[in-house]
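Here is the structure we will look at, set down as structure tokens.
What follows draws every value from the coordinates through simple rules; no lab data is involved. These numbers come from a predicted model, not from an experiment. In this analysis, Cβ positions are derived from the backbone assuming ideal geometry, glycine residues included, and neighbour counts consider all displayed protein chains.
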Amino acid sequence: MPTRTTPKKTVSFSDNEPPVKEQQHIDLEENIKIPFSLKTIPFHYILIVYSILKQDITTGNVLNNLINNLFALIFMQLVYTFLFVTNIIEITKKKHQKRVKLSIGKDYSLIISSILISLVFVLPIYLLVVLFGAPFTTYFQENLILSTHLSFLSYPIIVSYFKTGEKSIYYKYLAFIAIGAWFGAIAIPLDWDRDWQNWPLPIVISSYIGSFIGYSIVGLL
Amino acid sequence: MQRPQDPESGEEVRKRLVQQSDAKFHIRNNRLRFMAILYVLIFFSFAALQTIAIAFFTRGFLLSRQVLDNHSTLTDPIFLDQSDKLQNFDKAVVVIIDALRFDFTVPDSENEFYYRNNFLTPYNLNQKYPQNSVLLKFIADPPTTTLQRLKGLTTGSLPTFVDAGSNFDGDVIHEDNFIKQLYSNNRSIAFVGDDTWEAVFSPFLNTSYPYDSLNVWDLHTVDNGVIEHMIPMLDDQKSNKWDVLIGHTLGVDHCGHRYGPSHFSMRDKQKQMDTFINDIIDRIDDKTLLVVMGDHGMDRTGNHGGDSLDELEAALWLYSKKNSFHQLNDKSVYDISNGGKNYRSVNQIDLVPTFSLLMGLPIPFNNLGKPIEEAFDSKDTFKLASYLTMEQIQRYRYHSTSLKDDELINNKYKELKNIWNQGDPKGIFAEKVLEYEYESLERCKDLWARFDLLSISIGIILLAFSLVLLVIYSKLIPSVVITQLTEEIVPATIAMVCIFTVIFIAISVILKPSFLSLLWFSLLGAAIGIIFGFLIPILDRYSIKWLFTSLLDKFSGLWSLIAISFMVLHAAIFGSNSFTIWEDKITSYFLITFGFLSAVKSLDAQKKVDRVMGVYHSVLFMITTRLVSLSTICREEQGSQCTPTFKLSWWMILALFVNAFFMPSYIRAFYNITSSYHSAAPLWINMFKVVLVMITVYWSFEYLEFNQADSSFEFIRNLDLESLHFVKYTLARIIAGIALIAANVGWSRGPLCVKLEIKNTETSSREACILGYQNVYGSQYFLLVMNFTAAILLFTKPLGQLSISILIYQILSLFELVDILGVRANLISPVVLGLLGYLHFFSTGHQATIPSIHWEVGFTLTEKITFPFTHLAIVLNTFGPFIIVALSVSLITLWKIPPSQKPISLYSRIIENCGTLLIYETLVALSALIFATVFRRHLMVWKIFAPRFMFAGLVQIVINIVLVTTTIGFSCGRLILQINRIFGK
């Protein structure tokens, strides 16, 4: 028999994700639940994609377009975060289930600091985007705005993370955003000369699609 | 073991045990040796099957055209009494300036390039004396290699792609051509220049001074020779009797290959040619026609062979001292703006009827070209020329079995014949005949691009079978069974190959099928024999259903899924030309994705040190991949989206010197991880450093030579090139000798990288500790990889060498990751290794196109083309990264493991990984073949899909050869045997 070093048996999408600290991972595994709910389907992503494509996406105007829509995204994410966070069910040690509450009055500092954290995350995401092949001598602003969009797509997750503590389920959401962005690259080499192929639109749009699917169906997985 | 109360029997028992273990050891060793031979045979069968498959496909895809052996004569009814009316010249001087692109000949007001405004005699004379001169753009048919162009230029027919391969050893043209016509009409021909002419036309040349054509480093010998011989022959036309004097200069072409068009040498070269043309003009008389032309152009890197506009657009200039020509009424067709982008163009084959008729010769039988209007003195003579050409084309069509039933063209011909016989009352003949000639040419092009679908399908099916066999053999069968099964497969395969070859030869001999010759039939038999030889023992043991469930079982799990997605996506990119041309970026995208995932996955590792090292190696893997992907030569289709960075500049030479010290030191660092830097390792790595310094010195000389005239240092400009050459060649030969021969002979003696450290400790007085035990296989095997790397580096251009250096780093770093992630037996490891091969193929300045081959590297060891050195150099340069990868694949299993007590199962795991690498390459090749077939009518087939399939086929063959001869054949068996001998008892 061949001697093989056995790989870890846990196989899930959360493997794609940033740090998982072993101990917490095991201890807190099952004490929250994010049920599927029509309320938490992020229809506003579809709206923003529509709005991006409806506005001027010709070369040179993409940047302004994405900046405008970024503000729309941030605003709508704030509202959506309430829907998302209040849908999470915490399971206490005695197996009681209770919904997480989020109120503007109590949690304003969390909401605001999460925005700041999202902004801080723009830098590592930018580096990752460049590492994956985005141009780094040109298109600096475009890459930055792309990273900001990606960062704010995960905003509800950041808020939930600080609200309930680290949970492995959150990494599934991030994985969907990342997979969406990854597949966006498929559209780049095609020689169709469409306006929506302007950098970085394919990545932005497909990461919206990826995170739409993620926020919708992770509850079902 | 020892029993004190009974010493004698104890001694006996011990003896018996020692004897037993000795016997076991010998059995195991012999069995190991036996398995090594079996595995070589197994992989040899795979290699044979795949090579036969690729050969079949190539045979069907690269078809050749039907050549008619008929010849035209002046007594043919078509030409009888007609040719005198058109003959305008008694003598001709033909100067072919190789790679004379059209824009070299027209003025440019901005004067921003070295290659413009130097060769303007034709243009100036054309402006001054429009009736004495014709300057036209001259469109070559692809492929734009000199031999094909010479065939096209003299026979007037279209060469096929296959001929391109035979550029290195041209054949005599048997087809009717105007050189042969000159000869049979008793004109004497004198020739000077490119020796391709000698190979192709030697029976017809009365006087000939051939010069070696393929030494692209030499810009002057051929040109000086042409000038030296031609000028005296022109001066003294009485004693040197010639009717047609042909000169073929190569300086401009070689200058393009060597330096690219934008180099000051190009300016000097063109000025020299300009003076030469002026000298000729001074010496010719009224009855002499002067033809100056390029046989093809060059792309922006100075190479040619493909079919981009820059490569196709050459220049044609006709000149005579009496008024023999006329210009078209519409002067706007001679538009020289933008380098003559919209200038009037004619096909290269159009020269054939034009030249033949002007010289009073019959038009060659197979000609498809049409006469050039400007070359005749009036509209009426042009009309007669067109009529004669039409008659000749139609005669050719009636003689050709595949063309004679084309009623569309035949009807056009009959209509034209009618108009001609009625004396052309409406004056529409000239216009209509052009249409006819154009249509006729297009139909021929269509027809000759027809493929042999039977051979193509056989090729694809055989390759698909080889893929299935590989998957079953190396992945589905449990490793415990594989050794037994191998022992059954080998005899079965040998028997089946014999049986099927005999059966197929018999079928071929008895039935005499028309579609395949005996040789191809026996090859097909052998291939089918191999397939059956594998399938019979396998299916005897397992059902298809079991294999299928095993497939699903084997290919699950995150890493396997990712590996499969990489493979499938890589194979799928050939479904679109856009993806195929961006293959370089796509492979680096996959590798960076792997780096990212492995960083994330490393965080799951149990030990902290593994987590840290895993993330460290992954991040560096991503960064190095990204850096390497910046180096590219850009294929033409990538256009403005890509800036070529693969050039030679001074900082690269500096970087090479730094690398010569950096590369050995990081290899040492990797050895130190397992304390393997002992005994053989320091010797090897220090020697490697010396060789690297020597390679760097070699390329510094190369750089000096390249930039000598540009240098700001006096002493460099005054260097003696001859002695530099001598030093350079000697150095290159020494390096090649060390890396390819001496080092490998040394390796075959079995250099161990372990050290026995004996120290005194508290518990026992002397304790032995074997340093390097943890990586005993890997440390030794990697020395072999270093040997080949040194050889490949010698033949790689400086930026490419930096890329290869990073490749070695990435491979070592990948092995660390494989160890941390525990994916030694997983699909992902060989797949990532395979991807690294592709990444570095592109970053060493290659693309899957013919013009991007670095032909000039062929002259590293010898000044002239010498088998096998030139060929070896080009193969190592082009496929270097793949060779390194195919060698390193066994290290996935061997790196960082202690001596195994089960050497046979260790061997079978190496075989599994070799098989996986082959699965990946086969899938990619299969996809390239299938899509080349699917897109065989695609506009881009000869530009994108056909070169990609040729590249895939060659990679497949190279990897097979390296695996069979070196990885499995030479090194792995020897290494495992040796380690087993030392540590196995």
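Comparing B:L771, B:Q847, B:I372 along the charge dipole axis of the protein assembly as shown, the residue lying farthest to the positive side is B:L771, per the Cβ-charge model.
The modelled label-to-label distance for the pair B:W217/B:L328, using points 7 Å beyond Cα in the direction of Cβ, is 4.6 nm. Legend note: in chain B, cysteines whose Cβ sits 4.7 Å or more from every other cysteine Cβ are B:C255, B:C444, B:C498, B:C753, B:C769, B:C914, B:C972. Relative to the first principal axis of the alpha-carbon coordinates of chain B, what is the inclination of helix B:798-821, with its axis defined by its Cα atoms, in degrees from 0 to 90 and to the nearest 10? Roughly 30 degrees, rounded to the nearest 10.
Grab the eigenvalues of the alpha-carbon gyration tensor for chain B, scale each by 5, take roots, and send me the semi-axes largest first in whole angstrom.
They are 62, 34, 24 Å, listed largest first.
Separation of segment B:789-819 from segment B:637-662 is 15 Å, based on Cα centroids. Over segment B:399-463, the pair-distance histogram of Cα-Cα distances with 5 Å bins from zero comes to 3, 15, 19, 16, 12, 10, 8, 5, 5, 4, 3, 1, 0 percent, rounded to whole numbers. Set the Cα radius of gyration of the protein assembly as shown against 2.2 N^0.38 Å, with N its number of residues, and you get 1.09. Dividing the convex hull volume of the alpha carbon atoms of segment A:147-221 by its residue count gives 84 Å³ per residue.
With q set to 0.22, 0.34 Å⁻¹, the log10 of I(q)/I(0) for segment B:581-620, from the Debye formula over equal scatterers at the Cα positions, is -0.62, -1.01. For segment B:239-355, the C-alpha radius of gyration divided by 2.2 N^0.38 Å, with N the number of residues, is 1.19.
The aspartates and glutamates whose alpha-carbon is closer than 14 Å to the alpha-carbon of A:K54, local same-chain residues fewer than 8 away aside, are A:D195.
Normalise the Debye intensity by I(0) for segment B:342-382, one equal point scatterer per Cα, no solvent, then take log10 at q = 0.20 Å⁻¹ and round to two decimals. So the normalised log intensities work out to -0.60.
Remark: the B:T965-B:F264 segment gains 247.7 nm on full extension, using 0.36 nm per residue and subtracting the alpha carbon distance. Computed about its Cα centre, the charge dipole of segment A:34-220 is approximately 1280 debye, with only Lys, Arg, Asp and Glu carrying charge at their Cβ. In this structure, B:L771 and B:T275 have a Cβ-Cβ separation that, at R0 = 56 Å, corresponds to a calculated FRET efficiency of about 0.20. Computed over segment B:698-794, the P(r) tail beyond 23 angstrom holds 55 percent of alpha carbon pairs. If you fit an axis through the alpha-carbon atoms of helix A:104-131 and take the longest principal axis of the Cα set of chain A, what angle between them do you get, 0 to 90°, nearest 10? Tilt of helix A:104-131: around 60 degrees. Among A:S37, A:S207, A:S168, the largest mean-square fluctuation in a Gaussian network model of chain A, built with springs joining Cα atoms closer than 10 Å, belongs to A:S37. When the listed pairs B:K331/B:K379; A:K39/A:K163; B:K85/B:K128 are checked against a 18 Å cut-off, the alpha-carbon distance exceeds it for A:K39/A:K163; B:K85/B:K128. Take B:150-158, A:178-186 and order them by the average number of nearby Cβ atoms within 10 Å per residue, most first; the result is B:150-158, A:178-186. The percentage of C-alpha pairs in segment B:83-448 whose separation is greater than 36 Å is 17%. The value for segment B:729-878 of Rg(Cα) / (2.2 N^0.38 Å) is 1.36. Put simply, the convex hull of the Cα atoms in segment B:646-694 casts, on average, a shadow of 3.9 nm².
For segment B:544-670, the equivalent ellipsoid derived from the alpha-carbon gyration tensor has semi-axes of 32, 26, 12 Å in decreasing order. Relative to the Cα centre, the charge distribution of segment B:293-391, modelled as +1 at Lys and Arg Cβ and -1 at Asp and Glu Cβ, gives a dipole magnitude of about 360 debye. Adding -39500 (n - 2.57) for every DSSP H run of four residues or longer, then dividing by how many residues the protein assembly as shown holds, sets the calculated 222 nm ellipticity at -19500 deg cm²/dmol. Taking a temperature of 10 °C and a viscosity of 1.306 mPa s, what whole-number D in µm²/s does Stokes-Einstein yield for segment B:331-413 with Rh from Kirkwood over alpha carbon pairs? After rounding, the answer is 112 µm²/s.
Computed log10 I(q)/I(0) for chain A at 0.08, 0.09, 0.11, 0.13 Å⁻¹: -0.32, -0.40, -0.58, -0.79, from the Debye equation with unit scatterers placed on every C-alpha and solvent omitted.
For the residue pairs B:K412/B:K445; A:K106/A:K167; B:K151/B:K412, alpha carbon separations beyond 26 Å are given by B:K151/B:K412. For the cross-link pairs B:K322/B:K370; B:K91/B:K241; A:K33/A:K98, the ones whose C-alpha atoms lie over 19 Å apart are B:K322/B:K370. Once the Cα atoms are used to define both axes, helix B:264-283 deviates from the longest principal axis of chain B by about 30 degrees. Computed from the C-alpha gyration tensor, the three semi-axes of the ellipsoid equivalent to segment B:555-983 are 35, 30, 20 Å, from longest to shortest. What is the calculated FRET efficiency for A:N31 to A:I213, with r their C-beta to C-beta distance and R₀ = 22 Å, to the nearest 0.05? Working from the Cβ atoms, E equals 0.30.
Considering only A:I89, A:I112, A:I158, the Gaussian network model of chain A with Cα springs below 10 Å gives its largest mean-square fluctuation to A:I112. Taking the DSSP bridge list for chain B and keeping only pairs wholly inside it, about 40 percent are antiparallel.
Set the Förster distance to 35 Å, then compute FRET efficiency between A:R194 and A:Q141 from the Cβ-Cβ distance, nearest 0.05. E between A:R194 and A:Q141, to the nearest 0.05, is 0.95.
Were the residues from B:S378 through B:N342 laid out at 0.36 nm apart, the gain over their Cα-Cα distance would be 10.5 nm.
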